[in-house]
Amino acid sequence: MAIEITSESLAGAQPEPTAGYKESPLVAVSDFPGSSQRISRSRFRLTNSTWARRNFSSRARELSGGDAIILSIPKSGRTWLRAFLCAYFCRRFGLEFTLRTGRYALPGLPRIVFSHDLFEHRTKGDRWDRVRGKYLVPRRELKRAKIILLARDPRDCFVSLYLQLTRRDPNAPVKLKQKTVSEMLRDQKFGMRAIINAMNDWLNELSQRDNFTLVRYEALRASPAEHFRDLLAVLGESQPDGTIFHDALEFSRFENMQKLEAAGAFDSKILHPGDVRDPESFKVRRGKIGGYREYLSAEDQKYAADELVKLDPRFGYNS
């Protein structure tokens, strides 16, 4: 039985809240690439020694209570991963499909919190939002829940984020939308350096914890069946139902997700194109590994490569 989206399956699903940009291989941490090498941790120290993770806003409740927390830079493949997990667990528990499984409160159904955490903290909202830590996952939650860091080559992340901000996001400031890809690549808040800083800071903060797992987008794309099984095991589903697993994989294929998005099948801003006539404005756009080469000039690729040297080698993108 294939997974279907119906009007009933979307009943009660609320659009994902958005915030404006205001001017003011699946491996356990012990198996990181290069983990046997001695690494100077001072290179990846948080930029502010007095920085503290606190969230005093009402949004802290949305970011709390999860069995697992999935952190990522925007455009790291989170929607694809989310679609698979939601398809699997909705079918597993006999529920109508939704991208918001949190609205179902059933024993055994894991609650998964998705957050861009540090990156949103540094790019969204105003100074008061940052003072309150509006976009930060509370510290106690990171200690309690399972933490999954979804990583992707920062160069591919950047290009997808650039297209998101300039072709899809209605909340992006006009000045930001008018930037060229070269200008954005060097932008203090949204460029390569900002992406790398956030990834390094997450790893520095979380990698020594027993509840932490790193997932690489490229590994998922290369072998989705293998690595999605591993991901389910991390979430407590060590023996997934074979039929449901296969259907969830088929449902979350990029081609299928693109068709559903174009047809407006998802009554949610999570999956809705900015312009159905513009393939670059789709949430599920391409997912291509190394696609940044088609958008960045030789000079920009060199700049990006020079910045990539600053990324923690344990991510495996420096070679």
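Rule-based calculations on the coordinates, nothing more; no lab input. In this text the structure is predicted, and so the values were computed from the model without any measurement. Cβ coordinates were reconstructed from backbone atoms using ideal geometry, including for glycine residues, and neighbour counts include every protein chain displayed.
With a Förster radius of 41 Å applied to the beta-carbon distance between Glu226 and Arg103, the computed FRET efficiency rounds to 0.85. For the residue pairs Lys175/Lys310; Lys124/Lys310; Lys124/Lys179; Lys143/Lys310; Lys134/Lys310; Lys134/Lys288, alpha carbon separations beyond 22 Å are given by Lys175/Lys310; Lys124/Lys310; Lys143/Lys310; Lys134/Lys310; Lys134/Lys288. If you sort the three axes of the alpha carbon gyration tensor as a ≥ b ≥ c, you get a/c of 1.5 or more for the range 60-101 and a/b no higher than b/c, which makes it oblate.
Given in Å, the Rg to one decimal and the Dmax to the nearest whole number for the Cα atoms of the range 72-175 are 15.9, 47. With point charges of +1 on the Cβ of Lys and Arg and -1 on the Cβ of Asp and Glu, referenced to the Cα centre of the range 75-164, which listed residue (Ile147, Ala87, Leu163) lies farthest in the positive direction of the dipole? The listed residue farthest towards the positive side: Ile147. Distance between the modelled labels on Gln239 and Lys288, one decimal in nanometres: 4.3 nm (7 Å Cα→Cβ projection).
Counting only other residues whose beta carbon sits under 13 Å from that of Asp153, what net charge do I get with K and R as +1, D and E as -1? Residues close to Asp153 contribute a combined charge of +4.
Taking a point 7 Å out from the Cα of Ser297 in the direction of its Cβ, the residues of the range 182-198 whose backbone N falls within less than 11 Å of it are 182-183.
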